[in-house]
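The values are calculated or read from the model by the stated rules, or taken from the named source; none is laboratory data. The model shown is predicted, which means the values in this text are computed figures rather than measured ones. Note that we place each Cβ from the backbone using ideal geometry, even for glycine, and neighbour counts take in every protein chain shown. Heads up: the accessible areas ignore ligands, DNA and RNA and are worked out on the full protein's heavy atoms, side chains in. Shrake-Rupley method; radii C 1.70, N 1.55, O 1.52, S 1.80 Å.
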Amino acid sequence: MNSATSPTLIALIVQLAFGLAVFQTTPHRKANQSFLILSIALAAWLGCLYAIFVSTELEAAAFYFRQVSAIGAVCLFAFNLLRISIKQPSDTWRKIAKGCRWWTVSTVAVALICQTDFFLEGATHVRPDGSISITPIPIYRSGFYLLTLFMMAGGIVLVGNFVRDVRRASGRERAEMSFVLVGTTVILALTLLGFALRQQFHQTILNWLAPFRIVVFSLIIAYGITTRKIMEAGVFLRRSIAYVLLTTYLLALYGTVWWLGWWVALPIFGEAAAGICHITAAGVVAFAMAPARGISQTLADRLFGAQRLDFHATMKRAAAILRSVSTLDEMLEKFAATISEAVNTDFVCFLLPSRAGQTQHYPPPELPTEHRPIVLAADDAIVLQLTAHQEALVLDELHRTRLTPQLQQITEWMEAHRIAVAMAIHYRGHLAGVMLLAPRRSGRIYGFVEQNALQVLCGQLAVAIENAKLFTEVQNAKLYNETLLEHLTSGVIAVGADERITVFNNEAGQIVGLDPREVIDQSTARLPEPVRDILRDTLRSVERRENSDIVLQLGDGNVVVRASSAVFHGQEGEMLGALMVLTDITALKRLEQQIRRSDRLASLGTLSAGMAHEIKNPLVSIKTFAQLLPERYQDSDFRETFSNLIGHEIDRIDSLVNQLLRFARPAKPLLKPMHVHDVLEKSLMLVGHRLYQKEIKLSRSWNAEVDTIRADADQLEQVFLNFFLNAMDAMKPGGELMVSTEIRSAEEWIASVTSKRDDVHEILCVTVQDNGEGIKNEDIAHVFDPFFTTKDYGTGLGLSVVHGIIQEHGGQIEVESELAKGTSFHILLPLVRFQEEVAAA
C-alpha cells in the first residue's frame with residue numbers, strides 16, 4: 001500500500017457521489033445520464049487503481065493493470081457520449097448509439113487488446129534501476145503503444161470535436177460544452193503541473209494529490225451540467241484564475257513580509273520575533289486584500305480578453321432614463337435600447353397590464369416584426385409563475401430542472417415564441433409588467449451576471465414605468481384641459497396667490513380684448529379694471545362672487561360681461577389662487593331689450609284693445625241716449641234716466657282711466673319702517689263683512705317672529721285687499737281663506753328676489769291661500785298681464801298693478817295653483833330687523 005491508496009479510495013467515493021447527485025437533479029436529461037455513465041467509468045478506473053495499490057500478488061496486479069487500460073478507453077467513449085448528449089439533447093439513445101458506433105467498435109477492440117499478452121506481459125516489483133517498489137510495476141509490450149496512440153488520437157479528436165461544437169452551438173449547449181473544455185483544460189494543466197513539481201515536492205505528496213485531479217475535472221463538468229444559475233465558462237475561468245492570482249499574490253506578500261520582519265525583529269525580540277512577524281504579515285495581507293482583488297480580476301480579464309457586461313455603464317444609462325421624465329412609449333423605447341445593447345440581443349419586449357392580462361406594449365403591436373404580438377392572460381402559467389416568484393424564467397435553466405406541469409407549459413410557450421428570458425417587473429408587491437428577451441446574438445447564455453443586472457434594471461424599469469404613466473396622465477390631462485379651455489364658450493382666467501395670471505383662454509382674450517400669449521404670467525394690472533377688481537377682491541376676501549354684470553369698454557363700443565369668481569385651494573387647504581369665468585352677455589342684453597320692447601308693444605296692444613272695449617260700452621250707452629234726447633226731451637222719466645246713466649257711465653270711464661294711469665305710471669312708494677302683521681290685520685278687517693256674508697272661514701298663521709320691513713303701508717294695503725278679494729271671488733260659500741307669514745333665507749330665494757339692497761339676508765313671505773276653483777296651468781303665466789281676467793266682470797288690471805307695487809318694494813310674487821283645489825300667492829319682501837320698535841303708518 002502506497003501514499004495514493006487512501007486518496008484514490010476517497011476520490012472513487014466522491015466520483016460516484018457526483019455521478020448520482022448529477023443524475024438525481026434531472027434524471028430525464030441525456031446529459032445527466034451520460035455524466036453518470038462517465039462517473040461510473042472514472043470510478044471503475046479509480047477502483048482498479050486502488051486494487052493495484054493494495055494487491056499483494058503480481059498476477060492480480062497484472063489483471064488490474066489490464067482493466068485500468070481498458071477502462072481508460074471506455075472513459076474516452078463515455079466522454080464522447082457526453083458530448084453527443086449535450087449537442088443533441090432531444091435525440092433518443094438509439095440514435096445517439098448509432099452516431100457513435102465507430103467509437104463503440106474501436107473502444108471494444110482496444111479493450112480486448114488490453115486483455116492479451118500482446119499488450120501486457122505481467123507485473124513486477126523491480127524497477128529498471130534494480131530497486132524494489134512497493135507498488136507493482138506493469139511490464140508492457142507492443143500493444144501498449146497501440147493503446148497510447150489510440151488514447152492520444154481519441155483525446156485530440158474529442159477535444160477538437162468539443163471546440164468545433166462550442167463554436168457552432170449556442171445557449172445552454174454552448175455553455176455546457178464550454179465547461180467540459182474548461183474541465184479538460186484544468187486536468188491537463190494539473191497533470192503538467194504535477195510533472196513540473198516533481199523536483200520541488202516529495203513524490204508522496206504528489207501521489208496523494210493525483211487522484212483528486214479527476215474529482216476537480218468532474219466537479220467542473222457537474223457544475224456546468226446541473227447548476228441552474230449557471231455562469232459562462234469564460235466567467236468561471238476568469239474568476240478561478242483571478243482567485244488563483246489573488247491567493248498567490250497574498251501568499252507571496254505574506255511570505256515576503258514575514259521574511260523581512262524576521263530579519264528585523266530577530267535581533268530585537270529574540271524568540272518572540274516569529275509571532276510578531278506573523279501578526280505583521282497578516283495585517284499587511286488584510287489591508288492589501290481589497291485592492292489586490294480588483295487588480296487580480298482586471299489582470300484575469302485582460303489575460304483572457306474579456307468582453308463582459310458593463311454593469312456600471314448600463315446602470316448609469318438606466319438612471320439617466322429614469323431622471324428624464326418622458327412618455328411611457330418613449331421611456332420603454334430607451335430602456336429596450338439600453339437592455340438590447342447591454343446583453344446583445346435583437347428583441348426586447350415589454351408587456352404591461354391591461355383588461356386582457358399582460359399585453360405587448362413595446363414594440364408597438366402594429367409594427368411588423370418576426371415576433372407576433374404577445375398577450376398573456378392573467379391565468380397563463382408564465383404569469384402565475386412570475387407573480388408567485390420574483391426569479392427570472394430562463395429557458396436554458398428550465399431545461400436543467402425537474403419540470404412541473406406549470407414549468408412544462410412555460411418551457412413549451414417560450415420555445416414556441418423563441419423567448420430566452422421572461423422576467424417580472426414588480427412594483428410595490430404587484431406585477432407591473434413582464435420583460436421578454438430573445439436569445440443573445442453571440443449565442444451565449446443569460447448567466448447569473450446578466451440575470452442580476454437585468455433584475456436591477458427591472459427594478460429601475462418598474463419605477464420608470466410608474467413615473468412615465470404619471471407623466472403621461474399629466475400630459476393627457478394638460479392636453480385635455482387645454483383643449484377644453486380653448487373650446488369653451490366662456491372666458492376663463494386664473495391667477496395665483498401672487499396675483500399673476502396662470503390661465504387665460506382664447507375666449508377670455510376675445511372678451512377683454514387682450515392676447516392670451518402676452519398676459520400669461522403677468523400681473524393682474526394688465527387686465528381691465530372691472531375684471532382686475534373682482535379678482536383682487538376675491539383673493540383678499542376669500543369669498544365667491546356670482547353673476548356680477550360688468551361693462552367693458554372695447555374700442556367704440558361696450559361689452560356687457562357676466563362674471564363669477566371663486567378661490568381654489570390645495571390638497572392641504574392652502575389658497576392657491578382665484579378663478580374667474582366670464583360670459584359675454586352683450587347679445588343677450590340686446591335680445592332682452594328687444595323682448596322687453598316687444599312685450600311693451602304687446603302690452604300696449606292688449607291695453608289698447610282692453611281700453612277700447614271697456615270705454616266703448618259706456619260710450620255706446622251715452623251715444624244712444626244722446627241720439628234719443630231730442631225726440632224725448634219732454635219726457636221727464638227719460639231725462640232722469642239719461643241723467644243718471646250719463647253720470648254712471650262717466651264715473652265708469654273715470655275709474656277705468658285712473659286704474660290705467662296707476663298701471664302705466666304707478667306712484668313711487670314712500671318706504672317707511674312698518675309691521676306687516678298690522679297691515680294684514682287692517683286689510684282683513686276691511687273685508688270681514690264680505691267674509692261673513694259669503695260664509696268664508698278665515699285662518700291666520702303669523703309664524704314670522706319678526707315682521708318689520710320698509711314699505712308704503714297704503715300701497716301694501718291695496719296689494720293685500722286685491723289678493724283677499726280675488727280669493728273670495730274664486731271660492732263658493734263655505735270656503736276657507738288662509739293667510740300666513742314666515743321667514744325664509746335669502747339664499748333659498750336668491751333667484752326669486754331682486755332687491756335694490758345688497759344687504760338682504762332674510763325674506764318675509766306672506767302667503768294668501770284659498771281652496772277655490774284654481775287656475776289652469778296655461779293661464780298661470782298670464783295672471784299678471786294687463787286686462788287678463790277669468791271673471792265675467794272686471795278689467796284685469798288689478799294683479800298687474802299689484803305686481804308693479806311689489807316690484808317697487810324690491811319683492812317678488814310667486815303663484816301655485818291646482819284646479820279644483822285652490823290657489824296660493826306668495827308675496828316675498830326683504831325683511832329688515834330694526835334695533836327699535838317701529839309702527840306701521
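Criterion first (assigned to a helix (DSSP H, G or I), open to solvent by 40 Å² or more (accessible area, probe 1.4 Å), in contact (Cβ under 8 Å) with a residue 24 or more places away in the chain and of a type outside the set (Gly, Ala, Ser)) does Val74 satisfy it?
Details: assigned to a helix (DSSP H, G or I): yes; open to solvent by 40 Å² or more (accessible area, probe 1.4 Å): yes; in contact (Cβ under 8 Å) with a residue 24 or more places away in the chain: yes; of a type outside the set (Gly, Ala, Ser): yes.
When the stated conditions are applied, Val74 passes them.
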Within region 137-153, work out how many residues are surrounded by 17 or more Cβ atoms within 10 Å (Cβ to Cβ) and assigned to a helix (DSSP H, G or I). 4
Looking at Arg536, Arg540, Arg500, Arg544, which is the one that is closer than 20 Å to Glu574 by Cβ, modelled with pLDDT under 85 and not small (Gly, Ala, Ser)? Arg544
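Only one of these is part of a helix (DSSP H, G or I), hydroxyl-bearing (Ser, Thr, Tyr) and either touching a residue at least 60 places away in the same chain (Cβ under 8 Å) or open to solvent by 40 Å² or more (accessible area, probe 1.4 Å) (or both): Thr538, Thr483, Thr502. Name it. First the steps, then the outcome.
Numbers: Thr538 fails: either touching a residue at least 60 places away in the same chain (Cβ under 8 Å) or open to solvent by 40 Å² or more (accessible area, probe 1.4 Å) (or both); Thr502 fails: part of a helix (DSSP H, G or I).
Result of the check over Thr538, Thr483, Thr502: Thr483.
For region 703-723, give me the residue count where each residue is among the hydroxyl-bearing types (Ser, Thr, Tyr) and in contact with a Leu (Cβ under 6 Å, 6 or more places away or on another chain).
Initial filter on region 703-723 (among the hydroxyl-bearing types (Ser, Thr, Tyr)): 708.
Adding the requirement that they be in contact with a Leu (Cβ under 6 Å, 6 or more places away or on another chain) leaves none.
The number of residues fulfilling the criteria is 0.
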With the first residue restricted to region 461-479 and required to be more than 23 Å from Val348 (Cβ to Cβ), and the second required to be open to solvent by 40 Å² or more (accessible area, probe 1.4 Å) and not in a helix (DSSP H, G or I), Cβ contacts under 7 Å at 6 or more apart or on different chains are Gln475/Thr327
Determine whether region 154-168 contains at least one residue that is over 27 Å from Val105 (Cβ atoms) and in a helix (DSSP H, G or I). yes
When region 29-77 is examined, which residues are found to be under 30 Å from Tyr223 (Cβ atoms) and among the aromatic types (Phe, Trp, Tyr)? Phe35, Trp45, Tyr50, Phe53, Phe77
On the given criteria, is Gly810 modelled with pLDDT of 70 or more, small (Gly, Ala, Ser), under 23 Å from Ile696 (Cβ atoms) and not in a helix (DSSP H, G or I)? no
When the residues of region 330-357 are filtered to those that are touching a His at 6+ places or on another chain (Cβ under 9 Å) and over 14 Å from Ala462 (Cα atoms), which remaining residue is surrounded by the most Cβ atoms within 10 Å (Cβ to Cβ)? Cys349
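Answer yes or no: is there a residue in region 81-93 that is among the hydroxyl-bearing types (Ser, Thr, Tyr) and assigned to a helix (DSSP H, G or I). Talk me through it step by step, then tell me what you get.
Step one: list which residues in region 81-93 are among the hydroxyl-bearing types (Ser, Thr, Tyr), which gives 85, 90, 92.
Applying the additional criterion that residues be assigned to a helix (DSSP H, G or I) yields 85.
Checked region 81-93: at least one residue is among the hydroxyl-bearing types (Ser, Thr, Tyr) and assigned to a helix (DSSP H, G or I).
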Checked region 21-57 for anything within 47 Å of the chain's Cα centre (by Cα) and assigned to a loop (DSSP other than H, G, I, E, B); matches are Thr26, Pro27, His28, Arg29
Of all residues in region 320-329 being open to solvent by 30 Å² or more (accessible area, probe 1.4 Å) and touching a residue at least 12 places away in the same chain (Cβ under 8 Å), the one that is nearest to Gly459 (Cα to Cα): Leu322
Across region 45-62, what is the number of residues that are closer than 23 Å to Ser142 by Cβ, of a type outside the set (A, V, I, L, M) and surrounded by fewer than 19 Cβ atoms within 10 Å (Cβ to Cβ)? 1
Would you say Gly557 is among the small types (Gly, Ala, Ser) and surrounded by 12 or more Cβ atoms within 10 Å (Cβ to Cβ)? no
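Pick out the one residue from Ala11, Ala60, Ala97, Ala17 that is small (Gly, Ala, Ser) and in contact (Cβ under 8 Å) with a residue 12 or more places away in the chain.
On the way: Ala60 fails: in contact (Cβ under 8 Å) with a residue 12 or more places away in the chain; Ala97 fails: in contact (Cβ under 8 Å) with a residue 12 or more places away in the chain; Ala17 fails: in contact (Cβ under 8 Å) with a residue 12 or more places away in the chain.
Of Ala11, Ala60, Ala97, Ala17, the one residue that is small (Gly, Ala, Ser) and in contact (Cβ under 8 Å) with a residue 12 or more places away in the chain is Ala11.
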First in region 433-451 and within 13 Å of Leu395 (Cβ to Cβ) and of a type in the set (S, T, N, Q), second anywhere and open to solvent by 10 Å² or more (accessible area, probe 1.4 Å) and part of a loop (DSSP other than H, G, I, E, B), Cβ under 8 Å, 6 or more apart: Gln451/Lys229
Of the residues in region 717-740, those that are over 17 Å from Glu681 (Cα atoms) and out of contact with any Ser or Thr (no Cβ under 7 Å at 6 or more places or on another chain) number 7
